[in-house]
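See structure below.
Please treat every number below as a calculation from the coordinates, not as lab data. Note that the coordinates shown come from a computational prediction; the quantities given were computed from them, not determined experimentally. So basically every Cβ, Gly included, is an ideal-geometry build from the backbone, and we count neighbours across all protein chains shown.
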Amino acid sequence: MSGVICEQEREATLSADFFLPLEERLKNKQKVKSRKIILIAGPTACGKTALSLLLASALKGEIITADSMQIYRGMDIGTAKVSEEDQKRIPHHLIDIREPHETFNVVDFYYEAKKCCESILARDRVPIIVGGSGFYFRSLLYGPPSGPPSIPEVRHSLEREMERLGSEALYEKIKAYDSKYAATITCNDKQKIIRALEIIVISGEKVSELSWQHNEVLSDYLYHPWFVYRPRRVLYSRIEARCDQMLEVGLVDEVRELEKKGIDLNPSASQAIGYRQCLDFLHSSQTEGDYKKFVRKFKTASRQYAKRQFTWFRKEPLFRWLNIETHDFEIAADVIMKDYTETT
């Protein structure tokens with residue numbers, strides 16, 4: 001019922017706006033254009049957090065996390081979650097809003113992030129959305145995906161098939177039918193594989209051709225999208241160093257605690273990079289060889305994820321690329337702030 005009421009209110013607002021004098025209607029459009037939001041995307045370990053903190057401090061901004069795993073309580077080390085000190089200094093949103101066993105998807109993110117943006121703008125502060133999830137950023141720009149709702153019988157059938165055949169076999173089916181979408185995921189993305197096959201079975205459409213892929217950018221905000229990066233050679237070295245640091249400060253112990261809290265019950269959280277490999281290690285004999293294998297897989301998966309992030313954002317024409325290896329953070333922040341302040 002509330003959805004119907006909201007739709008009626010929206011239509012009433014649009015109708016009222018139509019009958020306003022031209023001057024006022026143009027003023028309303030200008031008001032939308034002044035609702036500016038900064039988007040900072042980039043591959044893992046490139047320095048997004050440090051840059052976003054600098055921007056938020058200079059612009060009186062607040063940070064909204066576009067990270068599909070930082071929303072979970074207890075997933076701190078493996079997600080490189082911003083420190084408690086920095087969270088106290090700069091307001092952060094969409095961090096620690098779910099338990100490890102609870103689900104959270106791109107549609108949830110879209111509505112939660114929109115609420116945060118409205119709240120931040122109402123306080124005359126600047127929303128700065130930061131993360132590496134291409135799906136999350138795309139939902140903000142174009143609206144949430146319009147795939148058909150899940151049908152329990154179809155979903156359960158696909159889950160049984162996943163158990164019987166394995167994720168690689170089902171991934172091959174997606175590659176055969178929708179190679180464009182398959183290129184954006186891997187055979188380890190079990191939840192995305194099942195959802196993609198569910199969409200194909202229910203609608204007969206390719207995931208890559210869902211209507212949200214062709215929508216125009218939503219007009220409720222004026223977005224300033226940036227993709228910050230470092231050259232691959234430098235980035236991969238930083239990724240390996242970050243993985244080592246995560247292990248040194250207690251990633252394995254963190255995953256042990258999360259396992260007690262039911263992370264295995266969440267098909268998304270349990271597949272997160274670092275966590276999946278560590279869970280496999282904890283379920284092994286935990287020999288020295290098992291540990292070395294875990295570390296090797298953890299670093300490989302992290303590098304592969306960064307590679308997929310580059311691939312994804314190359315297809316997003318709105319994002320401007322900024323090499324933060326050739327600029328220090330202050331210069332990069334100045335470039336972004338200048339663009340933000342000079343655009344009306």
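Please determine, in degrees from 0 to 90 and to the nearest 10, the orientation of helix 152-165 with respect to the longest principal axis defined by the Cα atoms of the chain, where the helix direction is its Cα long axis. Around 40 degrees separate the two axes.
Averaged over residues, the count of other Cβ atoms within 10 Å places the peptides 312-322, 146-156 in the sequence 312-322, 146-156, highest first. So how tilted is helix 288-314 from the main axis of the chain? Cα-based, degrees 0 to 90, rounded to 10. That helix lies at roughly 30 degrees to the long axis. Net length available on complete extension from GLU248 to HIS283 is 10.6 nm, with 0.36 nm assigned per residue and the Cα-Cα distance removed.
In this structure, the amide hydrogen of ILE71, modeled 1.01 Å from its nitrogen in the peptide plane, lies closer than 5 angstrom to those of ASP96, counting only residues at least 5 positions away or on a different chain.
Full extension of the segment from GLU205 to TYR111, taken as 0.36 nm per residue of separation minus the current Cα-Cα distance, would add 31.3 nm. What is the distance in Å between the Cα centres of the stretch 148-166 and the stretch 277-341? Using only Cα atoms, the two centres lie 31 Å from each other. Taking a ≥ b ≥ c as the square roots of the eigenvalues of the Cα gyration tensor, an a/c ratio of 1.5 or more together with a/b no larger than b/c marks the stretch 152-209 as oblate.
Among residues other than PHE227 with Cβ under 12 Å from its Cβ, the summed charge is +4 (Lys and Arg +1, Asp and Glu -1).
Put a dot 7 Å past the Cα of ALA183, heading toward its Cβ, do the same for THR326, and the two dots end up 2.6 nm apart. Is the chain rounded, prolate or oblate when judged by the Cα gyration tensor, a ≥ b ≥ c being the square roots of its eigenvalues, rounded requiring a/c under 1.5 and prolate requiring a/b larger than b/c? Because a/c hits 1.5 or more and a/b fails to exceed b/c, the chain counts as oblate. Report the antiparallel proportion of the DSSP beta bridges in the chain as a percent, rounded to a multiple of 5. Antiparallel bridges make up about 0 percent of those DSSP assigns within the chain.
Each helix, a run of at least 4 DSSP H residues, gives -39500 (n - 2.57); summed and divided by the residues of the chain, these come to -17500 deg cm²/dmol at 222 nm. If you run the Gaussian network model on the chain, springs between alpha carbon atoms under 10 Å, then out of HIS93, HIS224, HIS283 the most flexible one is HIS283. I need the shape label for the stretch 88-198. Rule: rounded when a/c is under 1.5, else prolate if a/b > b/c, else oblate, with a, b, c from the alpha carbon gyration tensor. Because a/c hits 1.5 or more and a/b exceeds b/c, the stretch 88-198 counts as prolate.
Using only Cα atoms, tell me the angle between helix 167-177 and the longest principal axis of the chain; keep it within 0 to 90° and round to the nearest 10. Approximately 50 degrees, to the nearest ten.
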